[in-house]
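A quick write-up on the structure given underneath.
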Amino acid sequence: MIISDEQVRLAVDYLLTHDTDNDETPPCEIPEQLLKRVSETLRALPETRDERVIEARARLKAHPPSAHEVAAKIIGRAISDSLR
C-alpha cells in the first residue's frame, strides 16, 4: 500500500499526541470462520501480477524517482508502520 503525505502527517500527529500508557482500546473480535476464509483466499492469490511488474518497470525507465522522493517514501512508511 502506498502511504500518502497526508497519512504520514496524520501518523506523526498521532504519535506526538497519543498517550499509549492509557490506551484502553478493546480487542477486535474476528470470527474464526471469516479469518480462515480470508487466509485461504489470500494464499490462493499469486505473489505478483506480471502485467503490474511490466508496467512499473516501464514507468521507472521513463521517469525514475529522485533520491528525495525515495527517502521520503521510506521514512513515511517507517513512521506509519510504527502505529501497528
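Some values worked out for this structure:
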quantity	calculated
Additional length obtainable on full extension of the chain from Val12 to Val38, 0.36 nm per residue less Cα span	6.3 nm
Over the chain: helical MRE at 222 nm, DSSP H runs n ≥ 4 each giving -39500 (n - 2.57), nearest 500	-20500 deg cm²/dmol
Cut-off 11 Å between beta-carbons: net charge of the residues surrounding Gly76, Lys and Arg +1, Asp and Glu -1	-1
Estimated FRET transfer efficiency (Thr48, Asp81; beta-carbon r; R0 22 Å; 0.05)	0.55
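Read-outs: derived from the displayed coordinates by stated rules, not from any lab. Note that the structure is predicted; figures quoted are calculated from it, not measured. Here the Cβ is made from the backbone with ideal geometry for all residues, glycine too, and neighbour counts use every protein chain on show.
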